[in-house]
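Engineer: Please find one structure pasted underneath; my questions will follow.
What follows is calculated from the coordinates using simple rules that are stated; it is not laboratory data. As the structure is a prediction and not an experimental result, all values here were calculated from the model. Every residue, glycine as well, gets a Cβ built from its backbone with ideal geometry; the counts of neighbours run over all protein chains shown.
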Amino acid sequence: VSSPVRGNNKNQLLARHDPERCARLLDAMQPVVLRRGVPLYEAGQRMRYVWFPTTAVVSLVFGVEDGAATEVIVAGRDSMIGAWEIMGGGSSPGRALVQQAGHALRMRQELFRREFDADPQLRELVQRYFLTFLVQAAYTAVCNRYHTLAQQLARALLMRHDRIAGDKIQFTQEMLAYVLGVRRPGVTAAAKKLQQQGLIDYRRGCIVVVDRGGLESLACSCYAAITGECTRLMTSV
Ligand SMILES: [Zn+2]
């Protein structure tokens, strides 16, 4: 799968907007640096901003009461964070956690909401994006039920690789276990398997994608299904 997300470091959601209106929006945005491990919002918390990542990658994670959780959405330069609140949902039951440090643009919720209400094209873009959110969530549920941990790991890595500039994914084994919702020994074994096949290299605090084609072959159909459907949704606006 050659992903159209890869190889472009601007925010692609904004790039799809009418250039003139987008320029006005950009004037009202602030560039921010997102640091790894920092939550943009916690479960049940109102979101003060909407964020448009350009190089950062953010994970939307939903948990159960004992603290265990699973990543449902990987959001990078193809995404916005805070759409839940813009769509009228108030606080989200999930949390947004920065996974790959990098840059983003942010805008206050109420300012963005005003633009959203006044601009039908922007509304259409955000609504389409919200559908891609559902697509990712649905396939993640299917994937977690039917596919092996190695396949899920390959999917999670490809989703990130699509959203970063190089091949270095900032990923500790703790974070991997957390986002995949499994115990650490399981994830260590799966990562080792990928490493032995020459697909990735595991270094302290990061995973280097060595053989992207090999990772794509190993990944289940969910990765291609997510990428294909999200691309269709966003390019047909
Ligand atoms: Zn799968």
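Engineer: What residue among Ala137, Ala118, Ala154 has the largest mean-square fluctuation in a Gaussian network model of the chain, using Cα springs under 10 Å?
Structural biologist: Taking springs between Cα atoms under 10 Å, the residue moving most is Ala118.
Engineer: Go from 0 up to the bin containing the longest alpha carbon distance in the stretch 1-119, width 10 Å each, and give me the % of pairs per bin.
Structural biologist: Reading upward from the zero bin: 14, 45, 33, 8, 1.
Engineer: Using the beta-carbon distance between Arg114 and Asp167 and R0 = 41 Å, what value does 1/(1 + (r/R0)^6) give for FRET efficiency, to the nearest 0.05?
Structural biologist: Working: r = 40 Å, r/R0 = 0.98.
According to the calculation, E is roughly 0.55.
Engineer: Continuing with this model, one more query. Pull up the cross-link candidates among the lysines for Lys10, meaning alpha carbon to alpha carbon under 30 Å and not fewer than 8 places away within one chain.
Structural biologist: Within the straight-line cut-off, Lys10 pairs with Lys168.
Engineer: What residue among Thr54, Thr70, Thr148 shows peak mean-square fluctuation when the chain is described by a Gaussian network model with Cα springs under 10 Å?
Structural biologist: Thr148
Engineer: Expressed as an acute angle from 0 to 90° and rounded to the nearest 10, what is the orientation of the C-alpha long axis of helix 184-196 relative to the principal long axis of the chain?
Structural biologist: It works out to around 80 degrees.
Engineer: A further question on this structure: Rg over Rh of the chain, using C-alpha atoms and the Kirkwood radius, what does it come to?
Structural biologist: Details: Rg = 17.2 Å, Rh = 18.0 Å.
With Rg and the Kirkwood Rh in hand, the quotient comes to 0.95.
Engineer: Related question: Can you give the helix-only mean residue ellipticity at 222 nm for the chain, where every DSSP H stretch with n ≥ 4 adds -39500 (n - 2.57) and the sum goes over all residues, rounded to the nearest 500 deg cm²/dmol?
Structural biologist: Numbers: 10 runs with 110 residues, N = 237.
Mean residue ellipticity at 222 nm (helix-derived): -14000 deg cm²/dmol.
Engineer: Which angle between 0 and 90 degrees, to the nearest 10, do you get for helix 149-161 versus the longest principal axis of the chain when only C-alpha atoms count?
Structural biologist: Between the helix axis and the principal axis of the chain, the angle is about 40 degrees.
Engineer: Next up: For the chain, modelled as a GNM with alpha-carbon contacts under 10 angstrom, which of Arg108, Arg203, Arg145 fluctuates the most?
Structural biologist: Highest fluctuation of the listed residues: Arg145.
Engineer: Note down the net charge around Phe133, summing +1 for each Lys or Arg and -1 for each Asp or Glu among other residues with Cβ under 14 Å from its Cβ.
Structural biologist: On the way: positive: Arg128; negative: Glu71, Asp78, Glu85, Glu229.
Neighbour charge sum, excluding Phe133 itself: -3.
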